[in-house]
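Structure first, commentary second.
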There are 4 protein chains.
Amino acid sequence: MVLDIGVVGAGIRGRMFAQALGQLPDVRVVGVADPTPAGAELAAELGAAAHAGHEDLLAAHDLAGVVVATPDFAHRDAAVAVARAGIGLLVEKPLATDVKQAREIEAAVEGGGGPAMVAFENRWNPRFVTVRRQITDGAVGDVLFQCAHLNDTRFVPERMLSWAARTTPAWFLMPHTVDLALWLSGRTPSSVYATGLRRELARDGIDTYDGVHALVTFDDGTTLALQSHWVLPESYPSVFDFRYELVGSRAAVRVDGSDEGVHFAGPSLQWLHHSTVERDGRLVGVAAEIARDFAGLLRGEPVTAPTLAEGVAVTAVVAAVHESVTSGQVVRL
Amino acid sequence: MVLDIGVVGAGIRGRMFAQALGQLPDVRVVGVADPTPAGAELAAELGAAAHAGHEDLLAAHDLAGVVVATPDFAHRDAAVAVARAGIGLLVEKPLATDVKQAREIEAAVEGGGGPAMVAFENRWNPRFVTVRRQITDGAVGDVLFQCAHLNDTRFVPERMLSWAARTTPAWFLMPHTVDLALWLSGRTPSSVYATGLRRELARDGIDTYDGVHALVTFDDGTTLALQSHWVLPESYPSVFDFRYELVGSRAAVRVDGSDEGVHFAGPSLQWLHHSTVERDGRLVGVAAEIARDFAGLLRGEPVTAPTLAEGVAVTAVVAAVHESVTSGQVVRL
Amino acid sequence: MVLDIGVVGAGIRGRMFAQALGQLPDVRVVGVADPTPAGAELAAELGAAAHAGHEDLLAAHDLAGVVVATPDFAHRDAAVAVARAGIGLLVEKPLATDVKQAREIEAAVEGGGGPAMVAFENRWNPRFVTVRRQITDGAVGDVLFQCAHLNDTRFVPERMLSWAARTTPAWFLMPHTVDLALWLSGRTPSSVYATGLRRELARDGIDTYDGVHALVTFDDGTTLALQSHWVLPESYPSVFDFRYELVGSRAAVRVDGSDEGVHFAGPSLQWLHHSTVERDGRLVGVAAEIARDFAGLLRGEPVTAPTLAEGVAVTAVVAAVHESVTSGQVVRL
Amino acid sequence: MVLDIGVVGAGIRGRMFAQALGQLPDVRVVGVADPTPAGAELAAELGAAAHAGHEDLLAAHDLAGVVVATPDFAHRDAAVAVARAGIGLLVEKPLATDVKQAREIEAAVEGGGGPAMVAFENRWNPRFVTVRRQITDGAVGDVLFQCAHLNDTRFVPERMLSWAARTTPAWFLMPHTVDLALWLSGRTPSSVYATGLRRELARDGIDTYDGVHALVTFDDGTTLALQSHWVLPESYPSVFDFRYELVGSRAAVRVDGSDEGVHFAGPSLQWLHHSTVERDGRLVGVAAEIARDFAGLLRGEPVTAPTLAEGVAVTAVVAAVHESVTSGQVVRL
């Protein structure tokens, strides 16, 4: 059975998923929906049709699955349309930047009856697969404290994203770390306190937070500390700074995802990333595994992937972070 | 001029200061006040007199200075007595574990007119001296975000401290990191939110927190994230885990004080510490420099050392951390 | 087309390749040759036939390919038999521990006409794929200096390998690093000088070198420094210590393959490895990619894999290392 | 007793020693010999007399001690004159870049009868003081393998040293690592094999080696691997790259001296060094301790400092490194 796939959003992530899906046996990317020149370009590369929006994409093809990789705040319309049609859905994280929209997508998936997953990519990252195994094997004991830093250099809000002022570092970065913490600890968040600073980027004309600190308390009294800012100097050797720590009753774990062990001192110092690499013209690694599992999901195979309910839970925590920053109060979930 | 010095408290820190002071030219440690066998032992080693308490110590000698290195919660009586007598005072951190007591000591120093300092040792740590220089030189710009982790392995509450249940990891550890953050950033804290977990150690019969997370907001809207727990497994290669991070508008700085670059894989893996070492039978490094500056202070030389007012400010923040943990509310300072 | 595969040698590596091959679509592991109980056990797990040796295996099945994963010094007989029969061959590194035997295998492959590859696994390691890309892109410039450390803890010679006394740390470890250096630099070695220490393990009844240091000079005058010993204390957080460094005219590169960024402080400190992990019951990562490429090779697809000629070249360098250790002289290649 | 000190050579090291000596109680730097403007400048800063050469310096003052900190290859004349006069001598490493000259200095010291020491600064570095303590305590067991990398960025030969073409990276850097290895292991070297590359810097008009690899074998059959080059890109976060490793029969030790735990991401990434820092206008750390011990030596106090015989031994090894590079042969010592 050949699976025909459509992609909505031809940015960095849409392109990556399209390439990873297209290299699978019996999978074809047949249409790309993106009104910008990047959309036509990606479609041409893939030998797929270019469409202005998801409506045209859905009308033009009989699709098995659709990847929604639009900007953070623009997932809802495409995702709901795909889901209602019963077509398989892969939504880039965060599911939505608003709890109401996240629930609409969830409801559409339930109504449409098709399979769906959220691309929280750390679930496929071998580092965290390994940590998760230790936890499920009991080697960590009870999770007592978690701490997750996910920061970006100024390159991201200033030059990579055209839409930085329409999101925040919390929406752009914390879905990764909140999902990771919920998945690894298995706990339910009960309250959030957070602070945010809006100064440097706003001065430079990008009206968003420089960064946010948050403390999430779980129902068992344990706490997760979060930091996400995007004002690291560009001299930092990685475009992102990603560290996760966990203290359990039987073991403590630290994961560094930004320094992947390849230090390259060229014109500047860089930590070369390699969680997804190209080998013999083919993507290997995290992106390839996500694509493989999405295809498996579309074929009805048993696949472990982040659910829409998990996507809603993450959105709820990050929404509470924003509410706390604004109110200065502890927000109960 | 020979300086006669007394030491109150013959634990790890009292012993270290005594040794470092005793090796200075024209400085003598003449008396040790500690009712335990450790007191008599240290006195014998130093050729000093042993006393049961600070009252006897002060009565028996004409002292230029006294080191107060009793347990965290037991500084007040000795410090006030020394200060009122106009004798120079070196108080181990924290100044006190109660704002009222901290202010009593501060008032006694003002009344007595003698010199005084708090042994926030990071002020002498070459790592932080170097960071501070970058800040005062303007290379860091405005401080935007700070994060400080200072944790201990279970060895500390379970086997090193006999009085762990009478303090908390916040009182034992955060004075270091709070002082560091206030000193480096030069900011005034305005509010505190904190969470604490009381589970593992309490189950084992040591009735105190396992650890505390806190967010301190400063008057300029910037934030400091703090973590201090003491439940790291003993397999951690250092008895403490100490990391400080700062993001400024012009530079980001990270300091690791637990991995000092000497990895020793013997029966277990250890990161050997060397901020104070013994060479040719003499202490060299941080402890020696603190001792040198205390002697300088006693001689009226210009010395840059942490003041009693700074000690009070640190105690106020850590007290607010405890208040927030208890109330679940944001505490205004 | 379904590929029937045989495996010779049911140790750690044979098992890993068998599992990775068996999970591929249209690939079956049909026979395992190993006279020990491990052979029967692996065969049973895979639903394959158990055989005492490669002769029986070859006689019993019509095989598309065979994995030879016997101990280092025991590759020749099976590899030659497989190759002569024109069956596809995957040989675990080193190709052989003797240049003559390596050339016999190479000749058998040429004679038999089947495809063949050597499992120098670093060729598939994303770290080195990334470094290689920088080199072929010209970002590194000319390679000037290389240094490769690959060491093991005493666990390997003392408890993991039953046949440690029949090999050396140079034969067991240096094929990895020599292949890596030849592949990345593209240079031809011209001379070798090496030293070896035979003391600690010999005292403990394992009559082999504790370790070997070597300097390999290439035809362009550049040098590679090698270190391989297997007497690291077991407290080292990884069973192997693997570091590769390269200084080029335009960039310097450092790769750490032993600390993969997951620090686990449980009963002891461990750096958890994850270059191959199990996810949803399936191997993902390096082993899966090698298996995939071996299947591709058997199907005649264009695959980039280490050749027999490269296997011979590596064996020649490591043989020269041993010759230099014994003679105390520089050995010309 | 006030000690009058002279300094020969007003470069980076001469200046550092002068400052560190001048801040000691009862020590005065009274004369600086250096024909360049740097000499007059340093003398003026210190309130000392400026001299064209060591002859004038010695004639003009009644000196207790002299620091010889001329370029590597220019120690002999000044050191011999100082030593013959029975004046205390502190020679910067290496003692000389020629065994004959090293022995002349040693003989002059013996003849003159004054105290002397070589400034192998790692002997005072707290990292190595700590490692040495483990060795002397027996925690390391027998030393089996050593490896020492000391490299510089191109800044050093291209812009820092005016005399790079008159020395080599082996003479400039290996004295540090050879001394360290001899001191820590207590072994006597018996043979040396080394390779050198002369390409990149020579092309750029600086006619010296880019770098040198060496293997030193000791009388007990153990080996030391050395690497010293000075062609690291300037993007490397430290001007030097300094790593020392030791594998013993009971423990393995790794020391990193280039990353001292303070990471500063400003215009570029830098690892800020702090083995010697300025605090309250005073040098603290390694340089201060060397100065203190030189003053102690001049006063006849018991001081543990590197001897002239050790300086000769180090020069002999580094001379053999050069001989081996030139001859391509193993050199017996």
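The values are calculated or read from the model by the stated rules, or taken from the named source; none is laboratory data. Keep in mind that this is a model prediction, so the values were computed, not measured. Note: ideal-geometry Cβ built from the backbone for every residue, glycine included; neighbour counts use all protein chains shown. What goes into the accessible areas is simple: the full protein's heavy atoms, side chains included, and nothing from ligands, DNA or RNA. Shrake-Rupley method; radii C 1.70, N 1.55, O 1.52, S 1.80 Å.
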Inset, instruction - Test A:SER235 against the criterion of being surrounded by fewer than 24 Cβ atoms within 10 Å (Cβ to Cβ) and within 14 Å of chain C (Cβ to nearest Cβ), and give yes or no. - result: no
Inset, instruction - Taking only the stretch D:195-213 into account, find how many residues are touching a helix residue (DSSP H, G or I) at 6+ places or on another chain (Cβ under 7 Å) and within 8 Å of chain C (Cβ to nearest Cβ). - result: 3
Inset, instruction - Output the residues belonging to the stretch C:260-278 that are more than 7 Å from every other protein chain (Cβ to nearest Cβ) and in contact with a Phe, Trp or Tyr (Cβ under 6 Å, 6 or more places away or on another chain). - result: C:GLN270
Inset, instruction - Evaluate the stretch A:57-67: report whether one residue or more is within 24 Å of A:PHE172 (Cα to Cα), at pLDDT 95 or above, crowded, with 24+ Cβ neighbours inside 10 Å and in contact with a strand residue (DSSP E or B) (Cβ under 7 Å, 6 or more places away or on another chain). - result: yes
Legend entry - Scope the stretch A:253-263; condition touching a residue at least 24 places away in the same chain (Cβ under 8 Å) and surrounded by 22 or more Cβ atoms within 10 Å (Cβ to Cβ); matching residues: A:VAL253, A:VAL255, A:GLY257
Legend entry - Number of the exception - C:ARG250 against (1) at the interface with chain A (Cβ under 7 Å from one of its Cβ atoms); (2) open to solvent by less than 40 Å² (accessible area, probe 1.4 Å); (3) part of a loop (DSSP other than H, G, I, E, B): (2)
Inset, instruction - Output the number of the condition that D:GLU41 fails; it satisfies all remaining conditions of (1) free of Cβ contacts under 8 Å to residues at least 24 places away in the same chain; (2) open to solvent by 60 Å² or more (accessible area, probe 1.4 Å); (3) more than 23 Å from the chain's Cα centre (by Cα). - result: (1)
Inset, instruction - Go through the stretch D:134-172 and count every residue that is among the aromatic types (Phe, Trp, Tyr) and within 14 Å of chain B (Cβ to nearest Cβ). - result: 1
Inset, instruction - Report, by residue number, each residue of the stretch C:41-67 that is touching a Leu at 6+ places or on another chain (Cβ under 7 Å) and hydrophobic (A, V, I, L, M, F, W, C). - result: C:ALA64, C:VAL66, C:VAL67
Legend entry - Single residue of the stretch A:171-218 satisfying the filter (open to solvent by less than 10 Å² (accessible area, probe 1.4 Å) and charged (D, E, K, R)) that is nearest to A:GLY328 (Cα to Cα): A:ASP210
Legend entry - Which listed residue is in contact with a Leu (Cβ under 7 Å, 6 or more places away or on another chain) and either open to solvent by less than 10 Å² (accessible area, probe 1.4 Å) or under 19 Å from B:ASP280 (Cα atoms) (or both), from D:THR153, D:THR136: D:THR153
Inset, instruction - Would you point out the residue of the stretch A:264-299, among those that are more than 20 Å from the chain's Cα centre (by Cα), free of Cβ contacts under 8 Å to residues at least 24 places away in the same chain and open to solvent by 10 Å² or more (accessible area, probe 1.4 Å), that is nearest to A:ARG13 (Cα to Cα)? - result: A:GLU278
Inset, instruction - Would you confirm whether any residue within the stretch D:98-106 is open to solvent by less than 10 Å² (accessible area, probe 1.4 Å) and assigned by TED's automatic domain parsing to the domain that holds D:ALA69? - result: yes
Legend entry - Given (1) touching a strand residue (DSSP E or B) at 6+ places or on another chain (Cβ under 7 Å); (2) surrounded by fewer than 19 Cβ atoms within 10 Å (Cβ to Cβ); (3) outside the structural domain of A:PHE128 (by TED's automatic domain parsing), number of the condition A:PRO306 does not satisfy: (2)
Inset, instruction - Check B:ASP34 against each of (1) acidic (Asp, Glu); (2) over 17 Å from B:ALA78 (Cα atoms); (3) buried (at least 23 other Cβ atoms within 10 Å of the Cβ) and name the one condition it does not meet. - result: (2)
Inset, instruction - Considering every residue within the stretch D:117-133, establish whether at least one is away from chain B (no Cβ under 12 Å), at pLDDT 95 or above and in a helix (DSSP H, G or I). - result: yes
Inset, instruction - Return a yes/no flag: does the stretch C:279-301 have any residue that is more than 9 Å from chain A (Cβ to nearest Cβ), assigned to a strand (DSSP E or B) and among the aromatic types (Phe, Trp, Tyr). - result: no
